[in-house]
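Chemist: One structure follows; several queries about it will come next.
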Amino acid sequence: MRLADKRILLGVSGGIAAYKSAELVRRLKDQGAEVRVVMTRSAKEFITPLTLQAVSGHPVSYSLLNPSAEAGMGHIELAKWADLVLIAPASANLMARMAAGMADELLTTLCLATPAPVALAPAMNQRMYLNAATQANLKTLASRGILLWGPDAGSQACGDVGPGRMLDPLELVERCCQQLAAEPLLAGVKLLLTAGPTREALDPVRYISNHSSGKMGYAIARAAREAGAEVTLVSGPVTLATPAGVTRVDVESAEQMHQAVMSRVSECDLFIGCAAVADYRPAQVAEQKIKKTGDNDQIHLALIKNPDIIAAVGALSDKPFTVGFAAETVDVEQYALDKLQRKRLDMIAANDVSREGQGFNADDNALTVFWQGGQAPLPLADKLTLARHLIALIARHYRH
């Protein structure tokens with residue numbers, strides 16, 4: 001039981017996802033946690049305190065000014081009691097009040113009074129989540145050290161499809177386990193990571209690129225941040241949201257990515273090169289759009305090599321612990337091992353992007369990780385789960 005003797009204060013705010021809170025309490029208790037529940041006034045419109053009392057085994061608190069509660073375990077006592085405060089679901093309204101520093105009911109007061117880490121599992125309509133006000137509140141809360149777990153994306157109770165679904169209870173339990181571990185795997189480690197494709201301009205309109213979506217790299221950034229690392233993400237052009245707590249540096253071309261990495265690499269302890277960097281770029285970039293002319297059905301492009309970012313990091317005399325990626329279509333192990341040796345890497349994660357349903361643009365992936373004298377398969381899984389396994393593997397080798 002990974003949460004044995006851990007005390008979790010579960011806050012429940014008003015939203016349809018509150019029906020999942022009873023399952024969350026049960027799953028947390030399955031892992032050995034002691035759980036006490038605090039509800040907002042609006043949460044009681046979606047699920048009854050009696051239900052949460054039955055599954056938690058403790059009275060549910062919801063009144064800030066309850067004399068009997070103050071005589072026993074009032075808001076200050078609850079705030080001191082918790083090892084972790086988890087609010088699931090966290091509505092847009094609750095997050096707005098927290099961002100403003102309000103203490104207008106018991107749950108918001110507890111969040112101000114507790115010395116424990118506070119985690120939010122956002123749950124709301126996708127338009128509410130994407131609203132500029134909500135996004136500003138999320139940034140404010142993250143800047144204060146509030147943990148943001150989710151949201152997930154998909155079909156919503158209102159019929160919309162998009163971001164705003166509360167993470168599954170089992171996923172939240174896993175986050176609690178990681179958060180309350182004796183020490184995060186990468187606590188105090190400064191990680192520099194590249195992700196996404198690069199674009200090599202042909203003219204002001206066209207460019208050479210590849211099919212990388214950045215999903216694997218962004219999942220690694222999120223998993224590393226969960227593991228306690230200070231993460232800087234150098235990202236090519238993607239449409240993904242920056243993981244909470246991660247510093248993002250946007251670039252377009254391989255040369256820009258190379259410059260961004262080499263200007264920061266001396267400050268990092270660990271470097272992961274996950275980006276799909278273009279090997280070549282046009283020797284010349286046309287100042288105007290290249291036009292079709294006459295009956296000429298061919299165009300000849302002169303290409304020159306781009307800087308090899310992972311090799312440049314590996315060649316440093318005081319290089320960080322360096323992990324590369326090898327996306328291959330044939331002879332995956334052979335090419336990965338060659339790259340590991342030739343570029344002086346500490347580890348390399350290889351994947352076969354020719355397989356349907358994994359790799360570029362897919363939500364799932366599978367890796368085989370190689371290092372000097374060893375290897376470990378990481379079987380097919382969603383990219384965030386895979387990233388967490390990869391980070392755990394990297395952390396063991398980095399620490400030893």
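The values are calculated or read from the model by the stated rules, or taken from the named source; none is laboratory data. This one's a predicted model, so the numbers in the text were calculated from it and none came from an experiment. Cβ atoms come from the backbone with ideal geometry, glycine included; neighbour counts cover every protein chain shown. Surface areas here come from the heavy atoms of the whole protein model, side chains and all, with no ligands, DNA or RNA. Shrake-Rupley method; radii C 1.70, N 1.55, O 1.52, S 1.80 Å.
Chemist: Could you tell me how many of the residues in region 154-180 are aliphatic (A, V, I, L, M) and closer than 10 Å to Ala123 by Cα?
Modeler: Keep residues of region 154-180 that are aliphatic (A, V, I, L, M), which gives 157, 161, 166-167, 170, 172-173, 180.
Add one more test, that the residue is closer than 10 Å to Ala123 by Cα, and what stays is 166-167.
Residues in region 154-180 being aliphatic (A, V, I, L, M) and closer than 10 Å to Ala123 by Cα: 2 in total.
Chemist: How many residues, within region 360-400, are open to solvent by 20 Å² or more (accessible area, probe 1.4 Å), polar (S, T, N, Q) and not in a helix (DSSP H, G or I)?
Modeler: 4
Chemist: Residue check: is Thr232 β-branched (Val, Ile, Thr) and in contact with a helix residue (DSSP H, G or I) (Cβ under 9 Å, 6 or more places away or on another chain)? Reasoning before the result, please.
Modeler: Numbers: β-branched (Val, Ile, Thr): yes; in contact with a helix residue (DSSP H, G or I) (Cβ under 9 Å, 6 or more places away or on another chain): yes.
Yes: the conditions hold for Thr232.
Chemist: Next question, about the same structure. Check region 353-368 and report whether any residue there is charged (D, E, K, R), over 18 Å from Met262 (Cβ atoms) and over 22 Å from the mean Cα position of the chain (by Cα). Show your work before the answer.
Modeler: First, pick out the residues of region 353-368 that are charged (D, E, K, R): 355-356, 363-364.
Okay, now just the ones that are also over 18 Å from Met262 (Cβ atoms), so 355-356, 363-364.
Still in the running and over 22 Å from the mean Cα position of the chain (by Cα): 355-356.
Looking through region 353-368, at least one residue is charged (D, E, K, R), over 18 Å from Met262 (Cβ atoms) and over 22 Å from the mean Cα position of the chain (by Cα).
Chemist: Any residue at all in region 92-104 that's under 27 Å from Ala4 (Cα atoms) and either of a type in the set (A, V, I, L, M) or modelled with pLDDT of 90 or more (or both)? Spell out the reasoning first.
Modeler: Within region 92-104, the first condition is being under 27 Å from Ala4 (Cα atoms), and the residues that meet it are none.
Scanning region 92-104 turns up no residue that is under 27 Å from Ala4 (Cα atoms) and either of a type in the set (A, V, I, L, M) or modelled with pLDDT of 90 or more (or both).
Chemist: Continuing with this model, one more query. Looking at Val35, Val25, Val60, can you tell me which residue is at pLDDT 90 or above, of a type in the set (Val, Ile, Thr) and open to solvent by 10 Å² or more (accessible area, probe 1.4 Å)?
Modeler: Details: Val35 fails: open to solvent by 10 Å² or more (accessible area, probe 1.4 Å); Val25 fails: open to solvent by 10 Å² or more (accessible area, probe 1.4 Å).
One residue alone meets the criteria, Val60.
Chemist: Could you say whether any residue in region 266-288 is over 24 Å from Leu316 (Cα atoms) and surrounded by 20 or more Cβ atoms within 10 Å (Cβ to Cβ)?
Modeler: Kept after step one, since they are over 24 Å from Leu316 (Cα atoms), are these residues of region 266-288: 281-288.
If we keep only those that are surrounded by 20 or more Cβ atoms within 10 Å (Cβ to Cβ) as well, we get 281.
Looking through region 266-288, at least one residue is over 24 Å from Leu316 (Cα atoms) and surrounded by 20 or more Cβ atoms within 10 Å (Cβ to Cβ).
Chemist: So which residues in region 1-34 are among the hydrophobic types (A, V, I, L, M, F, W, C), more than 16 Å from Pro117 (Cβ to Cβ) and touching a strand residue (DSSP E or B) at 6+ places or on another chain (Cβ under 7 Å), if there are any at all? Don't jump to the end; show me each part of the working.
Modeler: Filtering region 1-34 for residues among the hydrophobic types (A, V, I, L, M, F, W, C) gives 1, 3-4, 8-10, 12, 16-18, 22, 24-25, 28, 33.
Next, from what is left, pick out any that are more than 16 Å from Pro117 (Cβ to Cβ): 1, 4, 12, 16-18, 22, 24-25.
Selection gives Val12, Ala17, Ala18, Leu24, Val25.
Chemist: With the structure loaded, tell me whether Gly188 is surrounded by fewer than 24 Cβ atoms within 10 Å (Cβ to Cβ) and more than 13 Å from Ala278 (Cα to Cα) or whether it fails that test.
Modeler: Numbers: surrounded by fewer than 24 Cβ atoms within 10 Å (Cβ to Cβ): yes; more than 13 Å from Ala278 (Cα to Cα): yes.
Criteria met by Gly188.
Chemist: For region 322-359, which positions are open to solvent by less than 20 Å² (accessible area, probe 1.4 Å), under 22 Å from Thr385 (Cβ atoms) and of a type in the set (Val, Ile, Thr)?
Modeler: Hits for region 322-359 are Val323, Ile348.
Chemist: Also, I was wondering about something else. Could you check how many residues of region 147-186 are without any contact (Cβ under 8 Å) to a residue 12 or more places away in the chain and basic (Lys, Arg)?
Modeler: 0
Chemist: For region 192-220: of the residues being over 18 Å from Ala392 (Cα atoms) and hydroxyl-bearing (Ser, Thr, Tyr), which is farthest from the chain's Cα centre (by Cα)? Give the steps one after another, and end with the answer.
Modeler: Pass one, region 192-220, residues over 18 Å from Ala392 (Cα atoms): 194-215.
If we keep only those that are hydroxyl-bearing (Ser, Thr, Tyr) too, we end up with 194, 198, 207, 209, 212-213.
Values: Thr194: 14, Thr198: 21, Tyr207: 29, Ser209: 25, Ser212: 17, Ser213: 15 Å.
That would be Tyr207.
Chemist: How many residues does region 106-129 contain that are surrounded by 14 or more Cβ atoms within 10 Å (Cβ to Cβ), modelled with pLDDT under 90 and in a loop (DSSP other than H, G, I, E, B)?
Modeler: 4
Chemist: From Ala227, Ala201, which residue is surrounded by fewer than 24 Cβ atoms within 10 Å (Cβ to Cβ), of a type in the set (Gly, Ala, Ser), at negative phi and modelled with pLDDT of 90 or more?
Modeler: Result: Ala201 is the single residue among Ala227, Ala201 that is surrounded by fewer than 24 Cβ atoms within 10 Å (Cβ to Cβ), of a type in the set (Gly, Ala, Ser), at negative phi and modelled with pLDDT of 90 or more.
Chemist: Name the residue, out of Tyr218, Tyr207, that is free of Cβ contacts under 8 Å to residues at least 12 places away in the same chain, hydroxyl-bearing (Ser, Thr, Tyr) and either surrounded by fewer than 16 Cβ atoms within 10 Å (Cβ to Cβ) or farther than 21 Å from Ala315 by Cβ (or both).
Modeler: Working: Tyr218 fails: free of Cβ contacts under 8 Å to residues at least 12 places away in the same chain.
Selected residue: Tyr207, the only one of Tyr218, Tyr207 that is free of Cβ contacts under 8 Å to residues at least 12 places away in the same chain, hydroxyl-bearing (Ser, Thr, Tyr) and either surrounded by fewer than 16 Cβ atoms within 10 Å (Cβ to Cβ) or farther than 21 Å from Ala315 by Cβ (or both).
Chemist: Over 22 Å from Phe325 (Cβ atoms), part of a loop (DSSP other than H, G, I, E, B) and without any contact (Cβ under 8 Å) to a residue 40 or more places away in the chain: which single residue out of Gly294, Gly228 fits that description?
Modeler: Values: Gly228 fails: without any contact (Cβ under 8 Å) to a residue 40 or more places away in the chain.
The match here is Gly294.
Chemist: Sort out which residues of region 38-57 are among the β-branched types (Val, Ile, Thr), outside any helix (DSSP H, G or I) and open to solvent by 50 Å² or more (accessible area, probe 1.4 Å), and write them in order of number. Talk me through it step by step, then tell me what you get.
Modeler: Of region 38-57, the ones among the β-branched types (Val, Ile, Thr) are 38, 40, 47-48, 51, 55.
Still in the running and outside any helix (DSSP H, G or I): 38, 40, 47-48.
Selection gives Thr48 alone.
Chemist: Do we have Ala153 as open to solvent by 30 Å² or more (accessible area, probe 1.4 Å) and over 25 Å from Ala227 (Cα atoms) here? Working first, answer last.
Modeler: Details: open to solvent by 30 Å² or more (accessible area, probe 1.4 Å): yes; over 25 Å from Ala227 (Cα atoms): no.
Criteria not met by Ala153.
Chemist: Closer than 16 Å to Pro243 by Cβ, modelled with pLDDT under 90, in a loop (DSSP other than H, G, I, E, B) and out of contact with any helix residue (DSSP H, G or I) (no Cβ under 9 Å at 6 or more places or on another chain): which single residue out of Gly159, Gly150, Gly145 fits that description?
Modeler: Values: Gly159 fails: closer than 16 Å to Pro243 by Cβ; Gly150 fails: out of contact with any helix residue (DSSP H, G or I) (no Cβ under 9 Å at 6 or more places or on another chain).
Criteria check complete, one pass: Gly145.
Chemist: Same structure, new question: Please determine, by comparing only the residues of region 168-185 that are open to solvent by 50 Å² or more (accessible area, probe 1.4 Å) and of a type in the set (D, E, K, R), which one is farthest from the chain's Cα centre (by Cα).
Modeler: The extreme case among them is Glu183.
Chemist: State whether the residues of region 144-152 include one that is farther than 19 Å from Tyr19 by Cα and among the charged types (D, E, K, R).
Modeler: yes
Chemist: A further question on this structure: Which one of the conditions (1) under 31 Å from the mean Cα position of the chain (by Cα); (2) buried (at least 16 other Cβ atoms within 10 Å of the Cβ) does Ala132 fail to meet, given that it meets all the rest?
Modeler: All conditions pass for Ala132, except number (2).
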